[in-house]
Structure formats: structure tokens, C-alpha cells
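Chemist: Once you've had a glance at the structure underneath, I'll fire off some questions.
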Amino acid sequence: MSTTHTERTEAGGWVGASTSHDTRQTKRTGKVYLIGAGPGAADLITVRGVRLLAKADVVMHDALVEPAMLDHAPPRARRVAVGKRCGQHSMTQHFINELIVDAARQHAVVVRLKGGDPMLFGRADEEMRALEAAGIEYEIVPGITAALAGAASLRCSLTLRGVSRSVALVTRSRAADTGAIQELANADSLVFYMGRDDAQAIARQMINAGRSGATPVAIVEACSTGDERRLALTLARLAHGEAQQWLDRSKPSLLMIGTVFAGRVEVR
Ligand code: SAH
């Protein structure tokens, strides 16, 4: 099973659902399934996702997708690693869109396997627009997003009567986004995706926006995988840079902030 990084065209075009009676010259296109692979563990994907993977001719997967997840696809399926962290070079989203469209023009079942849920911080919208523009049929299969896997690992309900009635799923905020943090700080529980490199700045901004320095913080790294690690601290400690040494820059991590995380983190 080889993983291909940049192949754009596939050998042997697929002529689709035409029967022997079909005399039309037009080439049919295949169907693309944007499937949520879940947070990492190969068995945290939906039954529907696994069934579709088993039928795949091509699987285009994110860097975050665990290699074992690809075992759900038949050995004959072409595996193509796409995404920013794959290989030596990063692919632009535009290029990824073109790869998916090209694959659908040549194969019946194209799976675009995306980490977590496709509709959260997954650039799914661009891929859907590209497929629509090319007239290619597609379907979305939801997946377990990292925040929910993180909550499960922490054994922490993100909502809690009288404590947390709102949850914000947020992507990292540059230092310039102080206004955005100001608004977000009103959510009872916050889960930052892709926030690792800005964790300290986010904590400072949250405190500036009025959240107490004593607010509990949990950081969950590589949740649901064998490499999972968890760290418990407070907003003030995070703002002072206490997590900097602990964080592994090669692993995905979530920054979870809010009263619900108090006492829920058993650091292993
Ligand atoms: N669509 C994905 C998110 C993609 S953005 C989803 O729904 O989960 C990538 C970010 O997700 C990472 O930078 C990290 O913040 C988070 N993430 C994804 N998988 C993770 C994991 N197993 N553990 C911790 N964070 C994870």
C-alpha cells in the first residue's frame, strides 16, 4: 500500500455507469464522499464512513488521518496524502480541489477523508464549491470532531447545568484579533483548534477580556490516539507560558478553557 503525495492523474480513466446499450459519448463522473475520519483512532469513524471507504477507488486523506484508518479501504484503492503537512511541500487548497475533481472524473468512488468532522475547520466549503462548479455529485459523512473526543478523554461534559450553557469552537486567533476574543470570552466553555502556537497570547487576551486568571484550562494533545497527553493548568499559568515546554509541536492539540474543566483533568 503506497501513499502518493502529488500524483494528479490516475491511470485508466473511469467511464462510469454507462451500460453496453449506452451510446452517449459523454464521460460520466464519479461521486465524492467527504468523510469525517474522527479524531485519530481508527475505530472512531462512523459505520457509514467505513462502508464507503471499503468501496473507494481513491482515498485522498489529510495528514492528521492515522495510517490505520486507511486499512478500511481496499488494497487496490489509490491512497493520496493531501494537505498542508504532507511531504516536503505543502499543497494549496486550490491544488487539492483540482486533485479531487480530477479523481472524480476518472473513478467511481472518491473518498476525501478529513480529520474530525469535515464541516469544522476543514476547508470543506472550498472543496464543495469546486465540486459543484465541476458538476460532480458529492455527499458529506459527519465525523467526531476533536473537541468532542477531547471532552470524552477528559471525562468532562462541555455543557453542565448552571455552569456551562454555551460552547464555542474557535480557531486560533492572532494577537491582532483582540476584538474577536472579547466576544468569545463570553462563551462558558471554549475549545480552541489550531491554537497551540498562540496558546499564551490567547490566555492573555482572555484575561484582558475579563476572564479570571483562575479559570481552568485543559490541553489535550493527540486525543484518542496512543500518543494522547493531557495537561491541566489555569488561564494565568498559561498566560505566563507554563505550557510552552510541555507542548509537542509535532502533535495536534486542543486548548480547552472554562469552569467545566475544573478538576476534570487527570494528568497521565
Ligand atoms: N476537522 C477537524 C479539525 C481540523 S483543524 C475536526 O473536526 O476535529 C486541525 C486542528 O484540530 C488541530 O490543530 C488541533 O487543534 C485539532 N485536532 C485534530 N485532531 C486532534 C486530536 N486528535 N487531538 C487534539 N487536537 C486535535
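The values are calculated or read from the model by the stated rules, or taken from the named source; none is laboratory data. These numbers come from a predicted model, not from an experiment. Cβ: placed from backbone, ideal geometry, glycine included. Neighbour counts: every protein chain shown. Heavy atoms of the whole protein, side chains included, go into the accessibility calculation; ligands, DNA and RNA do not. Shrake-Rupley method; radii C 1.70, N 1.55, O 1.52, S 1.80 Å.
Chemist: Taking the stretch 94-111 as the region of interest, how many residues are in contact (Cβ under 8 Å) with a residue 24 or more places away in the chain and either in contact with a Gly (Cβ under 6 Å, 6 or more places away or on another chain) or among the hydrophobic types (A, V, I, L, M, F, W, C) (or both)?
Modeler: Selection size over the stretch 94-111: 12.
Chemist: Related question: So which residues in the stretch 202-224 are part of a loop (DSSP other than H, G, I, E, B) and either buried (at least 18 other Cβ atoms within 10 Å of the Cβ) or of a type in the set (A, V, I, L, M, F, W, C) (or both)?
Modeler: If the condition is that a residue be part of a loop (DSSP other than H, G, I, E, B) and either buried (at least 18 other Cβ atoms within 10 Å of the Cβ) or of a type in the set (A, V, I, L, M, F, W, C) (or both), then Ala209, Arg211, Ala214, Thr215, Ala222, Cys223, Ser224 are the ones that fit.
Conditions tested, residue by residue: (1) farther than 28 Å from Ala54 by Cβ; (2) within 13 Å of the chain's Cα centre (by Cα); (3) open to solvent by less than 20 Å² (accessible area, probe 1.4 Å); (4) outside the structural domain of Asp62 (by TED's automatic domain parsing).
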{"site": "Met91", "(1), (2), (3), (4)": "no, no, yes, no"}
{"site": "Leu99", "(1), (2), (3), (4)": "no, no, yes, no"}
{"site": "Gly115", "(1), (2), (3), (4)": "no, yes, no, no"}
{"site": "Pro118", "(1), (2), (3), (4)": "no, yes, yes, no"}
{"site": "Glu126", "(1), (2), (3), (4)": "no, no, no, no"}
{"site": "Glu132", "(1), (2), (3), (4)": "no, no, no, no"}
{"site": "Thr159", "(1), (2), (3), (4)": "yes, no, no, yes"}
{"site": "Ser164", "(1), (2), (3), (4)": "yes, no, yes, yes"}
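Chemist: Another one. What are the residue pairs meeting all of these: first residue in the stretch 201-218, first residue at positive phi, second residue outside any helix (DSSP H, G or I) and surrounded by fewer than 20 Cβ atoms within 10 Å (Cβ to Cβ), Cβ atoms under 9 Å, and 6 or more apart or on different chains?
Modeler: Gly210/Ala185; Gly210/Asn186
Chemist: Can I ask one more? Evaluate the following for Val80: is it hydrophobic (A, V, I, L, M, F, W, C), over 22 Å from Gly30 (Cβ atoms) and touching a helix residue (DSSP H, G or I) at 6+ places or on another chain (Cβ under 8 Å)?
Modeler: no
Chemist: Please name all residue pairs, on different chains or six or more residues apart, with Cβ atoms under 8 Å, provided the first residue is in the stretch 34-56 and is free of Cβ contacts under 8 Å to residues at least 60 places away in the same chain and the second residue is of a type in the set (D, E, K, R) and surrounded by 16 or more Cβ atoms within 10 Å (Cβ to Cβ).
Modeler: Note: pairs meeting the criteria are Ala42/Glu66.
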